[in-house]
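Okay, structure first, notes after.
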Amino acid sequence: MLFWYILSGYLEPFYIGAGIVCCAVVALISTDLLFLSDETGILRSVGAFIRFVAYLPRLMLGIVLANIDVAYRVLHPRMPIDPGIITVDTPFQNDILRTAFANAITLTPGTVTVEVAGGRYTVHALVRGAAEESLLKERGLQNSLAHVFCEGEE
């Protein structure tokens, strides 16, 4: 909401009030997305939110570096492009975590999540070897999101 106010420049009481009402309605409708579950409590949900916000700069850096890598591979004639499909198995049970992981893979240029079945992800990669190294061996993205949601950390 604050971001919208900064970008829009509308700081009249009507717009501030309308924004608060709209945010409250969206928060009410999205309660199951904002809070992990009834038994976990609000403190754990707030902790997950704080960890997610802290995770965002790492995701943004990964996206920027992957963009540079893809642009360099496309523009440089000697850089290898070896597309392929890989399968990533995770222990994730939480649907929000599964969705966040699939989206993080797709947001990172050079990889696209093709299918999700339970905790198994089918991913198309522009460079299969690099994707296998990142998603199957290092598992940095998987472990980061598991830490955010306190689930299935390796």
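Coordinate-derived values only; no laboratory data. The structure presented is a predicted model; accordingly, all values stated were derived computationally and were not measured. Neighbour counts are summed over all protein chains in view; Cβ atoms, including those assigned to glycine, are modelled from backbone coordinates with ideal geometry.
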Review point. Each residue of the stretch 124-137 in order: what ³J(HN,Hα) in whole Hz does its phi give by Karplus 6.51 cos²θ - 1.76 cosθ + 1.60, θ = phi - 60°, with x for Gly and Pro?
Key: 8, 10, 5, 10, 4, x, 5, 5, 4, 4, 6, 8, 9, 9
Practice item. Could you calculate the contour length gain from residue 29 to residue 71, that is, 0.36 nm times the residue separation minus the distance between their Cα atoms, to one decimal place in nm? Key: 11.1 nm
Point to revise | Approximate spin-label separation residue 114-residue 87, in nm, with each point projected 7 Å along Cα-to-Cβ | key: 1.2
Revision key, fill the gap. Each label sits 7 Å from Cα toward the beta-carbon; between residue 42 and residue 8 the label points are separated, in nm, by 2.6
Practice item. For a quick protection proxy, order the peptides 141-147, 129-135 by their average other-Cβ count within 10 Å, most packed first. Key: 141-147, 129-135
Revision key, fill the gap. Residue by residue through the stretch 53-67, the couplings from Karplus 6.51 cos²θ - 1.76 cosθ + 1.60 with θ = phi - 60°, in Hz, x for Gly and Pro, are 4, 5, 6, 4, x, 5, 4, 4, 4, x, 5, 4, 5, 5, 4
Study note, to complete from the structure: Options (1) 15.3, 46; (2) 18.9, 59; (3) 26.3, 97 are given for Rg and Dmax of the Cα atoms in Å, and the computed one is (2)
**Study point:** the stretch 78-154: trypsin sites (Lys or Arg not before Pro) in DSSP loop, at most 16 other beta carbons within 10 Å
**Key:** 78, 139
Point to revise | Relative contact order computed over the chain (Cα-Cα under 8 Å; 6+ residues apart), in percent | key: 22
